[in-house]
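Down below is the structure, laid out as structure tokens.
The values are calculated or read from the model by the stated rules, or taken from the named source; none is laboratory data. Note that the coordinates shown come from a computational prediction; the quantities given were computed from them, not determined experimentally. Don't worry about glycine lacking a Cβ; one is built from the backbone with ideal geometry, like all the others, and counts go over all protein chains shown.
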Amino acid sequence: MSDLTPAKLQELESALLLRRQELQARIDPQLHRSDESDELVLTEQKVADDNAVIADVLNDTDLAELELDLAVLVEIDAALGRIKAGTYGICTACEEAIPLARLQAMPSAHFCIGCQAKSEERQGFPHSASL
């Protein structure tokens, strides 16, 4: 039995929506830095032509951050979809209730702690999962 009350569900949904809004506000400017519609300029920093290596590193860093933000955005959207479907708070692997403490710590969680640990082991992460 889940201890996820309607009030707690609303609180978690609000947290997800707020985080989504924050990420979107950070992502949008990164994708629209150039005046050219078909050009993606990631780094805001001006780099002299002879420092192409530095420019590459800055662009790679910006791209990695953008990819991470987009991945988190996908997880948030999936969690919001589970809320609408009525399956939020249920592990997508074993269908057991995800503890409220885990959802509060990570509102986009879709695995219970045990299934998260198994998933990480399959991916090569040797540590044990917690919240």
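Within region 90-111, the only residue that satisfies the criterion of being in contact with a Cys (Cβ under 6 Å, 6 or more places away or on another chain) and among the β-branched types (Val, Ile, Thr) is 98. Being out of contact with any His (no Cβ under 8 Å at 6 or more places or on another chain), farther than 17 Å from residue 107 by Cβ, in a helix (DSSP H, G or I) and at pLDDT 65 or above narrows it down to one residue among 50, 60; which is it? That would be 60, the only listed residue that is out of contact with any His (no Cβ under 8 Å at 6 or more places or on another chain), farther than 17 Å from residue 107 by Cβ, in a helix (DSSP H, G or I) and at pLDDT 65 or above. Is there a residue being acidic (Asp, Glu), over 17 Å from the mean Cα position of the chain (by Cα), in a loop (DSSP other than H, G, I, E, B) and modelled with pLDDT of 80 or more anywhere in region 90-98? Yes: one or more hits. For beta carbons closer than 7 Å, sequence separation of 6+ or different chains, a first residue in region 52-74 that is of a type outside the set (Gly, Ala, Ser) and a second that is modelled with pLDDT under 80 and loosely packed, with under 14 Cβ neighbours inside 10 Å, the qualifying pairs are 58/45.
Residues in region 79-91 that are on the phi < 0 side of the Ramachandran plot and surrounded by 15 or more Cβ atoms within 10 Å (Cβ to Cβ): 79, 80, 82, 83, 88, 90, 91.
For region 92-109, the set of residues classified as farther than 20 Å from residue 6 by Cβ and either surrounded by 17 or more Cβ atoms within 10 Å (Cβ to Cβ) or free of Cβ contacts under 8 Å to residues at least 12 places away in the same chain (or both) consists of 95 only. In a helix (DSSP H, G or I), within 14 Å of residue 12 (Cβ to Cβ) and under 17 Å from the mean Cα position of the chain (by Cα): is that true of residue 68 in this structure? Judged against the criteria, residue 68 is not a match. Among the criteria (1) crowded, with 16+ Cβ neighbours inside 10 Å; (2) modelled with pLDDT under 95, the one residue 36 does not fulfil is (1).
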